[in-house]
Amino acid sequence: MVKYDEFGPEKILSVYDPKTGMNGFVVIDNTALGPAKGGIRMTIDVRVDECVKLARVMTWKCAITELPFGGGKSGIVADTHKIDDAKKQELIAAFAAALKPICPSLYVAAPDIGTAEKEMETFAKSNGSHKSCTGKPKNVCEGAACGIPHELGSTGWGVYHATLVALEHQKRDVKGVTFAVDGFGNVGSFAAKYLTEKGAKLVAVSDSKGCIYNSDGISFKELSAVKKKTGSVINYKPGNVLKSSDAPTVACYVFIPAAKADVIHAKNWKDVKAKLIVEGANIPIMHDIEVKLHKNGVLVIPDFVANAGGVISSYVEYIGGSEDDVFPLIEKKIVRNTQLVLDTMTKKNIPPRDAAMQIAIERVKKAEKSNNRR
Ligand code: NAD
């Protein structure tokens, strides 16, 4: 059941192509700040209500990051484990062609579950506009404007900067501060890389196989080599091997969830020892638990503030910038807005997520007004 409110969703468009069997939809949540930005989820069970929620998150993420984008998300119903690559590209091409009336004017696509660089190349080609999606391969260019792949470490770079700002707020030196990372994939490994390079001490890292813990510190370089060679962080030595689910409660000052949703929950939040949590993953902690942690003196930098590096990178691609433009812009935007969130939190004595939401809502409302939409 779709819930409508004062912000949207403005449009939900269903598309079907009898020739290929493509069955998809787009949710355009809010376009006050610009065309709706959001990935294409291609799974057998992708649902409109799921994408409505994800599109709303994009509305707030783009607003808190001061990007001229609204929030969107789209879905193509297909079993990516059963179809071959040719069929997958055929469905993407049919979807892109069907969206021509609204894309890129009202919706700009990106990769999500089940879609990646190759699908973005197919999408842009079929849609006919280079601006119709981001996350295209590097060699897909229109003039000087080329694709910027999503896997450059841009989200981890943003998480790293949000961590530095939060540590400064807490008057803690990054040098020697202990930290743990849940998930050693794209987001977690880059956040760990940048923090260790700055002198922070990595004491625990988890992946799907388990968690490695060493209070004396873990070498990022050696850990990366072990992960690459053996497939898991748990083969790193020396260290104690724990369960993946132990990562959120190990002894450390900073905890960075960068894997799954809901890793700190009603049953383990009281055991959390970290004093700072920077959310790299989406919804790693339910909001009521975040509030409990806040009351317990734990600073939680919300997901849509800390993990916006990816969408900032998308924006650079959208405006025809280069990879060199990505990292400075992420740093500038994440630093500025994390600081603003922390200042608002302090001034109004409210949890950081509430502060971030107030700022994002205010920006969307202001844009609505200046667009004469209200
Ligand atoms: P990824 O697939 O590259 O890495 C995920 C990591 O999590 C892997 O190391 C995997 O082994 C580990 N993992 C899986 N199950 C685990 C478990 N039970 N316990 C601990 N670790 C486990 O994914 P990613 O791109 O790094 O994304 C991680 C999270 O960040 C996701 O929630 C994603 O939605 C969010 N996110 C990613 C981006 C991005 O640009 N990649 C942007 C915003 C948010």
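We did not get these values from a lab; they are worked out from the coordinates using the rules stated. As the structure is a computational prediction, the values presented were derived from the model and not from experiment. Note that each Cβ is placed from the backbone with ideal geometry, even for glycine, and that neighbours are counted across all protein chains shown.
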* Count the net charge of all other residues whose Cβ sits under 14 Å from the Cβ of residue 206, scoring Lys and Arg as +1 and Asp and Glu as -1. => +1
* To do: Can you list which of the trypsin sites (Lys or Arg not before Pro) found in segment 93-182 are DSSP loop residues with at most 16 other C-beta atoms within 10 Å?
  => 138, 171, 172, 175
* Structure fact -> Per the C-alpha gyration tensor (a ≥ b ≥ c, the square roots of its eigenvalues), the chain is rounded if a/c is under 1.5, else prolate if a/b beats b/c, else oblate; here it's prolate
* Structure fact -> Rounded to one decimal in nm, the spacing of the 7 Å Cα→Cβ label points at residue 319 and residue 230 is 4.5 nm
* If you plug each phi of segment 51-63 into the Karplus form 6.51 cos²θ - 1.76 cosθ + 1.60 with θ = phi - 60°, what whole-Hz ³J(HN,Hα) values come out, in order, with x for Gly and Pro? -> 6, 4, 5, 5, 5, 5, 4, 5, 4, 6, 5, 5, 5
* For residue 277, list long-range residues whose amide hydrogen, built 1.01 Å from N in the peptide plane, is under 5 Å from its own amide hydrogen. => 255, 299, 300, 301
* Quick one: net charge around residue 88, please, counting Lys, Arg +1 and Asp, Glu -1 for every other residue with C-beta under 9 Å from its C-beta. => -2
* Just going by the charge dipole of the chain, with Lys and Arg at +1 and Asp and Glu at -1 on Cβ, which of 124, 134, 330 is farthest out on the positive end? -> 330
* Structure fact -> When the charge dipole of the chain is computed with +1 on Lys and Arg Cβ and -1 on Asp and Glu Cβ about the Cα centre, the Cα farthest towards its positive end, among 367, 184, 355, belongs to 355
* Asked: Whose amide H sits under 5 Å from the amide H of residue 80, counting only residues 5 or more places off or on another chain, with H placed in the peptide plane?
  -> 44
* Asked: Just how far, in whole angstrom, is segment 43-113 from segment 325-374 if you go by their alpha carbon centroids?
  -> 25 Å
* Asked: Residue farthest toward the positive end of the dipole of segment 1-159, with Cβ of Lys/Arg at +1 and Asp/Glu at -1: which of 36, 59, 113?
  -> 36
* Structure fact -> Summing -39500 (n - 2.57) over every DSSP H run of at least 4 residues in the chain and dividing by its residue count gives a helix-only mean residue ellipticity at 222 nm, to the nearest 500 deg cm²/dmol, of -13000 deg cm²/dmol
* Listed here are the pairs 3/209; 229/260; 193/295; 37/365; 37/332; 228/270; which of them are more than 29 Å apart at the Cα? -> 3/209; 193/295; 228/270
* Structure fact -> To the nearest 20 debye, segment 151-374 has a Cα-centred charge dipole, built from +1 on Lys and Arg Cβ and -1 on Asp and Glu Cβ, of 500 debye
* Asked: Which residues' amide hydrogens lie under 5 Å from the amide hydrogen of residue 242, considering only partners 5 or more residues apart or on another chain, with H built in the peptide plane?
  -> 211, 212, 213
* Asked: Order of 26-35, 202-211, 257-266 by packing, highest average Cβ count within 10 Å first?
  -> 26-35, 202-211, 257-266
* How do the peptides 77-84, 241-248, 302-309 rank, highest first, by the average count of neighbouring beta carbon atoms within 10 Å per residue? -> 302-309, 241-248, 77-84
